[in-house]
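Asks: Here it is: the structure, laid out below.
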Protein chains: 2
Amino acid sequence: MSVGIRHDDLRRRNRAMVLSAVRRAGQPSRTEIAATTGLSHSTISAISSDLIHEGILAESKPSETASLKRGRPQVGLALSPEAAAVVTVVLSLNFLSVAVIDYAGQVVAEEQRRLDTLTMPRDELIGECTAIVRRRLEDPDLDVGSVARIAMGIQGITDSHARAMLWSPITPLTDIPFADILEKEFGIPATMENDCNMMAVALQWRDPDRYRDNFIAILLSHGIGMGLVLKGELFTGTHSSGGEFGHMIHRPGGALCRCGRRGCVEAYAGNYAIWRSAMGMSEDAEPVDVGDAEMRSLAAKAREKDGPEREAYRRAGEALGFGLGSLFALIDPAPVAMVGVSAAAFDLIEPALREAIAQTAGGQHSKSISFDTEPNELPLIREGCAMRALTFVDQEIFAPGVQARTGKQFA
Amino acid sequence: MSVGIRHDDLRRRNRAMVLSAVRRAGQPSRTEIAATTGLSHSTISAISSDLIHEGILAESKPSETASLKRGRPQVGLALSPEAAAVVTVVLSLNFLSVAVIDYAGQVVAEEQRRLDTLTMPRDELIGECTAIVRRRLEDPDLDVGSVARIAMGIQGITDSHARAMLWSPITPLTDIPFADILEKEFGIPATMENDCNMMAVALQWRDPDRYRDNFIAILLSHGIGMGLVLKGELFTGTHSSGGEFGHMIHRPGGALCRCGRRGCVEAYAGNYAIWRSAMGMSEDAEPVDVGDAEMRSLAAKAREKDGPEREAYRRAGEALGFGLGSLFALIDPAPVAMVGVSAAAFDLIEPALREAIAQTAGGQHSKSISFDTEPNELPLIREGCAMRALTFVDQEIFAPGVQARTGKQFA
DNA sequence: CAGTATTTTTTCGAGGCTCGAAAAAAAGCC
DNA sequence: GGCTTTTTTTCGAGCCTCGAAAAAATACTG
């Protein structure tokens with residue numbers, strides 16, 4: 001049951017609102033903030049004065065176009081970079097990447113590392129993750145505010161509380177409580193996020209006009225993943241991280257999927273599935289890892305001439321189309337972003353995909369569905385993790401209950 | 001962008017919260033309301049005193065068990081029946097039913113009518129709907145507060161603003177703006193709701209323990225419909241009313257569906273599909289209407305001995321299972337209520353359904369998924385419409401901005 | 001049966017928040 | 001340099017919620 005609004009919540013929520021408006025708009029003036037939040041000028045003045053005194057916001061020079069206008073120039077408000085910092089950790093197949101990001105969202109330090117995730121034992125994998133974070137945090141050159149949050153992203157299934165990796169294609173290991181591990185190791189609140197969800201979060205910040213209330217981010221990589229935003233909010237399941245779009249059933253009893261079941265969308269559209277089909281292998285053949293370079297040359301071959309390679313992409317498009325069609329039957333069509341190495345081959349996938357969608361209930365407006373492609377998923381995932389961590393700081397650290405705020409103010 | 005909280009909103013929201021607590025709990029005392037809302041006793045005292053003076057709430061005798069306890073007995077607060085009234089209109093195949101309901105949720109008048117919806121011309125269908133409402137409203141015996149809302153429910157697709165019927169299986173007519181028609185005719189705000197969504201709303205009120213945050217209501221009738229509640233809120237699409245579960249693709253290119261496409265879940269699990277299959281007709285045969293009595297005797301035959309009837313139900317279960325499995329891959333498993341005439345034959349459907357789910361990604365916890373059945377959909381739909389209309393009154397009429405409230409208070 | 005204990009509800013003053021109006025500030029314009 | 005325009009701050013008023021204390025209404029106890 002939702003809870004009543006107490007009097008103290010008022011200021012707390014409006015503080016969060018102001019911070020959110022500044023993060024979104026970049027350097028809005030107090031007047032602009034008043035307009036977007038619907039609060040009065042006096043309230044915005046009071047809140048921003050507080051935030052400036054607390055070192056969370058800073059006044060910046062008026063924007064360059066300001067000199068054209070008549071009256072008193074607007075003073076832009078910006079996030080104070082040194083107010084806090086966050087750390088992002090992205091663990092993907094054979095690759096680990098960490099970044100330290102200031103409160104204004106700028107990357108101030110980073111480190112990347114290749115490692116063999118598929119064969120690494122549990123302790124070693126965890127050890128690599130904590131070690132790389134420790135190196136960045138203990139770097140004497142690092143000059144940021146106190147680190148307030150760690151957000152880790154991983155391909156696979158995470159639990160619904162964003163605490164643990166339950167299963168991932170990058171390692172045979174399961175149920176690693178990364179959030180707890182990082183919190184215990186560094187004493188900093190941490191979360192474990194699903195990669196596709198972070199892609200969706202990043203898209204929402206990168207292009208809010210296109211990706212606002214309802215959209216879908218699909219990862220076309222070794223596996224097929226999905227991040228779904230509905231009504232402006234990330235949709236995550238009640239038990240696990242999010243939609244297992246790749247494991248919707250395309251053909252009951254069909255091709256063998258990495259998950260062990262048959263007929264999943266991924267068993268037709270994952271890299272290994274496209275490869276398997278292009279090589280003329282059986283649909284029952286065990287999934288194998290295919291490198292990005294191989295996939296790119298496969299796509300080149302498919303573009304060159306009609307043959308089993310092109311047919312493999314066509315079948316991938318068909319599977320994705322039926323999957324999307326079923327999804328659209330449930331949630332109404334929405335913009336789609338295709339991310340990952342096979343998104344670079346979307347020209348080979350799109351025709352069959354559109355044809356399949358058109359045969360489904362969700363395909364009534366199939367022509368109006370627009371697709372965007374982004375071949376490189378890692379920057380998106382990192383960006384999503386960063387924004388996730390930063391908005392947490394905005395809302396939970398810098399706009400807490402009154403007690404905590406005054407505590408900080410006079411400490 | 002979400003908007004800041006203005007000072008006046010505070011009281012408005014807390015009033016709404018109190019009304020909601022009373023509607024949910026029945027006859028809670030002020031102390032109980034304070035506990036569930038988290039507001040202080042003084043605030044609850046002030047708000048409920050207002051609401052009582054405005055005639056919206058009334059004190060009722062303490063509950064019978066009160067006499068056991070020691071101190072001052074709790075005074076129950078109840079919704080004042082005469083504070084307002086709402087009207088529900090449910091239009092289904094060959095059947096029109098209207099009820100007038102008081103603010104406390106009791107039916108105070110009703111009328112039902114058989115009519116031939118499939119052949120009726122547009123004007124006549126609209127005319128019947130407005131006429132039956134007019135008769136109930138103008139009945140001199142009717143003794144209720146002013147009617148504040150009309151909620152109409154219909155099987156089929158409604159637009160996302162709950163204003164119009166876009167398409168319905170009960171009539172060849174399309175795009176009837178019932179909400180506008182009713183508003184214009186009676187000067188009372190009206191909405192046009194989807195039947196399955198209303199079933200879900202009703203279930204949430206009937207059994208809040210079982211149907212709270214995430215659950216699914218599936219209508220097994222001529223067509224297959226779904227009402228979906230996620231995070232405690234009805235999920236409706238952005239363009240149309242809700243999930244077209246029945247038109248998810250079960251077998252690409254498969255059996256002919258009423259919608260004209262092929263392979264939809266409905267083309268295997270709708271009454272007409274079960275009938276078609278049981279009678280040994282082709283999967284391409286045109287869908288025909290099958291009466292409830294025929295369906296019941298079909299189910300009886302299927303229970304009696306193994307044969308084409310039993311096989312037809314088995315195939316229906318398989319289609320429903322794969323559809324549910326795909327859905328659960330996206331949203332995590334949740335309790336399911338099967339409603340409608342074929343829900344009475346769920347014993348015939350369930351084994352194949354569970355088997356199909358177990359083969360899908362959503363089926364990991366398939367044994368834990370629980371099904372409930374309710375053969376009669378009409379009472380549920382009406383109840384959902386009633387609650388929808390009443391909660392609208394709670395929130396929009398009795399907890400409006402400050403101006404309107406004081407206006408009402410002193411008028 | 002009167003006094004005490006217990007629980008619910010109301011009252012009352014304090015503190016905090018937002019708002020509107022007016023004032024102050026900071027420019028460009030003439 | 002005065003006037004206009006726009007932004008920002010200041011200030012008093014009005015609400016709202018809260019906590020503490022008081023009042024109300026009952027059961028228990030000897």
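A short reminder: the numbers here are calculations on the coordinates, not readings from a lab. It should be emphasised that the depicted structure is a prediction, and the values quoted were computed from it without experimental measurement. Glycine gets a Cβ as well: all are built from the backbone with ideal geometry, and neighbour counts include every protein chain shown.
Asks: Lysines near A:K231 by alpha-carbon distance under 20 Å, same-chain residues fewer than 8 away left out - which ones?
Replies: B:K231
Asks: Placing the label point 7 Å from Cα along the Cα-to-Cβ direction, what are the distances from A:S297 to the equivalent spots in the other copies, shortest first, in nm to one decimal?
Replies: When each copy's label point is compared with this one, the spacings are 7.0 nm.
Asks: For labels at B:N94 and A:R206 in the simple 7 Å Cα→Cβ model, what's the distance in nm?
Replies: Label-label distance for B:N94 and A:R206, simple model: 5.7 nm.
Asks: Compute the distance in nm between two label points, each set 7 Å from the Cα along the Cα-to-Cβ direction, one at B:A46 and one at B:E124.
Replies: Between B:A46 and B:E124, the label points sit 6.0 nm apart.
Asks: Same structure, new question: Applying 1/(1 + (r/R0)^6) with R0 = 45 Å to the Cβ-Cβ distance of A:A293 and B:R135, what FRET efficiency is obtained, to the nearest 0.05?
Replies: Working from the Cβ atoms, E equals 0.05.
Asks: Mind grabbing the base-10 log of I(q)/I(0) for the protein assembly as shown at q = 0.07, 0.08 Å⁻¹? Debye formula, identical points on the C-alpha positions, no solvent, two decimal places.
Replies: -0.62, -0.81
Asks: Another one. Test of understanding: ordering A:S42, B:S40 by Cβ neighbours within 10 Å, fewest first, what list do you get?
Replies: Final ranking by Cβ density, sparse to dense: A:S42, B:S40.
Asks: Same structure again: Along Cα-to-Cβ, 7 Å out, sits the label point; list in nm, shortest first, how far the one on A:H41 is from those in the other copies.
Replies: Taking the point 7 Å beyond Cα along Cα→Cβ, the inter-copy spacings are 4.5 nm.
Asks: Pick from A:A386, A:A34, A:A337: which is most flexible by mean-square fluctuation in a GNM of chain A where alpha carbon atoms under 10 Å apart are linked?
Replies: Maximum fluctuation in the GNM of chain A, among the listed residues, is at A:A34.
Asks: So how far, in whole Å, is the C-alpha centre of the range A:278-348 from the one of the range A:123-163?
Replies: If we compute the Cα centre of each part, the gap is 33 Å.
Asks: How high is the FRET efficiency between A:S370 and B:D347 when r is their beta carbon distance and R₀ equals 45 Å, given to the nearest 0.05?
Replies: Efficiency at R0 = 45 Å is approximately 0.45.
Asks: When the distances between all Cα atoms of the range B:7-79 are binned every 5 Å from zero, what whole-number percent does each bin get?
Replies: Taking every Cα pair in the range B:7-79, the percentages come to 3, 17, 28, 27, 14, 7, 2, 1, 0.
Asks: What are the radius of gyration and Dmax of the range B:207-376, computed over its Cα atoms and given in Å?
Replies: 15.2, 46
Asks: Report the charge-dipole magnitude of the protein assembly as shown in Debye, nearest 20, computed about the Cα centre from +1 at each Lys and Arg Cβ and -1 at each Asp and Glu Cβ.
Replies: With only Lys, Arg, Asp and Glu charged at Cβ, the dipole is about 1520 debye.
Asks: When DSSP beta bridges are limited to those with both residues in the protein assembly as shown, what percentage is antiparallel, rounded to the nearest 5?
Replies: 65
Asks: Just to be sure I understand the model, the point goes 7 Å from the Cα along the line to the Cβ. What's the resulting A:E304 to A:E54 distance in nm?
Replies: Distance between the two pseudo-spin positions: 6.2 nm.
Asks: Moving on to the next point. Above 28 angstrom, tally the Cα pairs of chain B and express them as a % of all pairs, no decimals.
Replies: It works out to 53 percent of all Cα pairs.
Asks: Looking at chain B, what % of its DSSP beta bridges pair antiparallel, to the nearest 5?
Replies: Counting only bridges with both partners in chain B, antiparallel ones make up about 65 percent.
Asks: State, to one decimal in nm², a quarter of the convex hull surface area for the C-alpha atoms of the range B:118-189, i.e. the direction-averaged projected area.
Replies: Reported value for the Cα convex hull: 5.1 nm².
Asks: Taking a point 7 Å out from Cα toward Cβ as the label site, list the nm distances between B:L142 and the same residue in every other copy, smallest first.
Replies: Distances between equivalent label points, in nm: 7.0.
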